[in-house]
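These notes are about the structure you will find just below.
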Amino acid sequence: MKKVWIDTDPGIDDTYAIAMLLADADIEIVGISSVFGNVTVEKTTYNAKVLMEAAGLDKLPLARGTNLPLHVALDTSPFVHGANGLGDMPLPEVHMSECAVRAPQAIIDVIQKFPHEITLLPIGPLTNIAMAYLIEPSIVDLVKEVVIMGGAVHCPGNITPAAEANFFHDPHAAQLVMSAGWNVVLAGLDVCDKGRIPQALLEQIGNGKSLLAPYMKGALPFFRHFLELFAMKDEASLPDTMAAAYLLKPELFTVESTPLYVETEGACMGQSLAVPRGKWYEDPGSQARYSADAHLGMVDVLVDVDVAKFLNLMEDVLV
Ligand code: BDR
Ligand code: CA
């Protein structure tokens, strides 16, 4: 049984990702933290409660995360996910309570409670994860793995030409998390964009067996409208589902292990760069050697997926 802590900014595709984990008997969701991202943390926390109550997870810990990124200004994406973060569908009242501690501390606590057992699944900006690391760096050796939706390593970004949204929304946090030294698996746009889900399957999922089906169905029309701007008419890319799919079936993916750097400033802020390994430059006079990857962490980047099997998985768990 895989123990998973989800750090999320729900979020339309976040909802699908959570639904996928819920459906797998080998996954135990041990708690959820919210983070600003698609909308403010006030709204993502509310949405997390809506989803947890609908899914029967309301007795699990829900830890409210950070309001702001580490260093850049707050930026959200209501044009993608709706002003309420769930496609502006009507949402019910919520009743569940929140953890007494905030997300970074809750993440530290769960990793210390279950050493070497916790998989962190961040599918929003990485601020909570970076703060947990800054407060308690020893969690690096206690966590099992960190499986992230974020970045665009060998392809263009989606929020700027260079950057994917989760990395763009807190590039300093992303760079900290990449270089911390834990086992990081990155489901970036490289692989997420390959797993586009046909409209017919989306409709089946919306009418499917998941307890979250009403939210997937209700939030999707807003997202579809956004995707049509990018000529995605009969299909949708739902990036967070790819990170969830990796937890359910890692064998579907091709992995490239590389030192990874995240740009934190300028026009390319949030860009994720695979850095060549080894010697980069040798000073002809002193023969001193400089290597571009000297202070970077190795990251397992998902570069390809068996799309047919990914779609079968979506159908198996959600229809
Ligand atoms: C990521 O940004 C958010 O809009 C999505 O929920 C996903 O986590 C995709 O770039
Ligand atoms: Ca997300």
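Read-outs: derived from the displayed coordinates by stated rules, not from any lab. A quick note: this is a predicted structure, and the numbers were derived from the prediction, not measured. Every residue, glycine as well, gets a Cβ built from its backbone with ideal geometry; the counts of neighbours run over all protein chains shown.
Tabulated values for the structure
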read-out: Relative contact order computed over segment 1-88 (Cα-Cα under 8 Å; 6+ residues apart), in percent; value: 33 percent
read-out: Potential lengthening between A267 and A83 on full extension [0.36 nm per residue; Cα-Cα distance subtracted]; value: 63.6 nm
read-out: Calculated FRET efficiency for the pair H116/E28, C-beta based, R₀ 22 Å, to 0.05; value: 0.90
read-out: Extension gain from A292 to E251, taking 0.36 nm per residue of separation minus the Cα-Cα distance; value: 11.7 nm
read-out: Segment 205-225 versus segment 1-38: alpha-carbon centroid distance in Å; value: 16 Å
read-out: Given charges at Cβ of Lys, Arg, Asp, Glu: the chain dipole, positive-most of G31, I129, P276; value: G31
read-out: Candidates D283, D240, D75: whichever shows maximal mean-square fluctuation once the chain is modelled as a Gaussian network with Cα springs under 10 Å; value: D283
read-out: Long-range Cα-Cα pairs in segment 2-318 (distance over 34 Å), rounded percent; value: 16 percent
read-out: Among H225, G195, A173 the positive-end extreme of the charge dipole of the chain (Cβ point charges); value: A173
read-out: Mean Cα-pair separation over length for the chain, i.e. relative contact order, pairs under 8 Å, 6 or more apart, %; value: 20 percent
read-out: Cα-centred dipole magnitude for the chain, charges only on beta-carbon of K, R (+1) and D, E (-1), debye, nearest 20; value: 260 debye
read-out: Full-stretch length increase - H225, A73 - with 0.36 nm per residue and alpha-carbon distance subtracted; value: 52.0 nm
read-out: Segment 59-218, dipole about Cα centre (Lys/Arg Cβ +1, Asp/Glu Cβ -1), debye to the nearest 20; value: 320 debye
read-out: Inter-label distance for E235 and V307, nm, one decimal - labels placed 7 Å from Cα along Cα-to-Cβ; value: 0.4 nm
read-out: Long-range amide H partners of G188 with built H, under 5 Å; value: G150, L302
read-out: Spin-label zone in segment 246-274 - amide nitrogen under 17 Å from a point set 7 Å from the Cα of T160 along the C-beta vector; value: 261-274
read-out: Selected from G266, G37, G297 as most flexible by GNM, with the chain as the system and alpha-carbon contacts under 10 Å; value: G266
